[in-house]
1. Return the residue satisfying two criteria in turn: it lies in the stretch 245-289 and is surrounded by fewer than 18 Cβ atoms within 10 Å (Cβ to Cβ) and aromatic (Phe, Trp, Tyr), and of such residues it is nearest to the chain's Cα centre (by Cα).
2. Any residue in the stretch 296-310 that's among the polar types (S, T, N, Q): show its pairings with residues that are in a loop (DSSP other than H, G, I, E, B) at Cβ separation under 9 Å, as long as the two are six or more apart or on different chains.
3. Are any residues in the stretch 73-124 of a type in the set (Asp, Glu) and surrounded by 19 or more Cβ atoms within 10 Å (Cβ to Cβ), and if so, which ones?
4. For the stretch 290-345, which fully contained strands (runs of 3 or more DSSP E) count at least 3 residues that are touching a helix residue (DSSP H, G or I) at 6+ places or on another chain (Cβ under 7 Å) and over 25 Å from Gly191 (Cα atoms)?
5. Within the stretch 116-133, work out how many residues are out of contact with any helix residue (DSSP H, G or I) (no Cβ under 6 Å at 6 or more places or on another chain) and not in a loop (DSSP other than H, G, I, E, B).
6. Among the residues of the stretch 134-165, write down those that are assigned to a helix (DSSP H, G or I) and either in contact with an Asp or Glu (Cβ under 7 Å, 6 or more places away or on another chain) or β-branched (Val, Ile, Thr) (or both).
7. Suppose the filter is assigned by TED's automatic domain parsing to the domain that holds Gly42, touching a helix residue (DSSP H, G or I) at 6+ places or on another chain (Cβ under 9 Å), free of Cβ contacts under 8 Å to residues at least 40 places away in the same chain and among the β-branched types (Val, Ile, Thr); does Ile161 pass it?
8. Could you count how many residues in the stretch 33-65 are over 16 Å from the mean Cα position of the chain (by Cα) and either at pLDDT below 95 or within 23 Å of Arg135 (Cβ to Cβ) (or both)?
Amino acid sequence: MKTTALSQTHIDLGAKMVPFAGYSMPVSYEGVNAEHETVRKGVGVFDVSHMGEFLIEGPKALALIQKVTSNDAGKLVVGQAQYSCLPNETGGIVDDLIVYRVKDEVYLLVVNASNIEKDWNHISKYNKQIGADMRDISEQYSLLAIQGPKAVEAMQSLSSIDLSGIKFYNFVVGDFAGIEHVIISATGYTGSGGFEIYCKNEEVKQVWDKVLEAGAPYEIKPVGLAARDTLRLEMGYCLYGNDITDETSPLEAGLGWITKFTKEDFVNKKGLAKQKEQGVQRKLIAFEISERGIPRQGYSILDSNDKEIGTVTSGTMSPSLGKGIGLGYVPNIFTEIGSKIYIQIRKNTIPATVVKLPFYKAK
């Protein structure tokens, strides 16, 4: 089991540690609901150093990224980031990722922890013809996510950068918590604002300690992966392995907006273009259940005749809304907002309604 540079720190703080993507990670400290509320109303800090980072450099860097990703990285200027995915050759998704343009010919790809090796092999396969410089720096770098409406105010004393000036999906390279040249980005996964800090493993303990110290007057708390999951689900953000996989098309998943057919050839462009032209047969929907019960991944989605029409890909009891929410793929006929479906929760068939995302809307 791999560890992050802060694993012992989490254990000392009383975190419940669990295996996740090959790493020992903190799933919770004082409980998912309290940690969730901390991020929604104040400020919390996550250690997400298990995520993977690849540097793609040189004059061929953009050509490689354009080939393997679905979005148009050619539109990025230095200091911008972009949500994208790696399409596979058969219509599915290798992974979703964030592309950062760090310098003119330097890009940082941030990938999911469980897919580091798979993504590296997939990109390397296409790089044989292109010849960009690739480096896997996942083992050398740590990543903290400082999230919540009070994040900027709580952390401003730690940096000479105007943190409030970093727009969503933008980043700066600057000083933070006494460390020079860290990436400070606003690409949050919670829907409550804040930013992320990329630094070297040997620097992250200093950053973590100073973050907790500066955030103390704002009642900052460390937050685990369980609350990270409930927070992202309330926003309807896809989780790889649940809502998107090697078998799900980006068009089925509602990710047509990151699939840019206007750019030159990319992996499976023709196949996805044909799918767009013909239309998909199923789509990822969001639903709320109207009675007691918690939808879980793998539960059956039924029609009014108790016929199975799909499967829940992500589900939870929403701490913010106090009701069961979830995502799942169903045939097009059931995808209209307001459509009635049913969730099989053990022996009970619970009515649910298809709703528009996000589930949670900040007041």
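The values are calculated or read from the model by the stated rules, or taken from the named source; none is laboratory data. This structure is a prediction, so every number in the text was calculated from the model and none was measured. Quick reminder, even Gly has a Cβ in these numbers, built from the backbone with ideal geometry, and neighbours come from all protein chains shown.
1. Trp257
2. Correct list of pairs: Gln297/Asn242.
3. Correct list: Asp95, Asp96, Asp119.
4. Ranges flagged: none.
5. Counting residues in the stretch 116-133 that are out of contact with any helix residue (DSSP H, G or I) (no Cβ under 6 Å at 6 or more places or on another chain) and not in a loop (DSSP other than H, G, I, E, B) gives 12.
6. Val152
7. Here the answer is no, as Ile161 does not meet what is asked.
8. Of the residues in the stretch 33-65, 12 are over 16 Å from the mean Cα position of the chain (by Cα) and either at pLDDT below 95 or within 23 Å of Arg135 (Cβ to Cβ) (or both).
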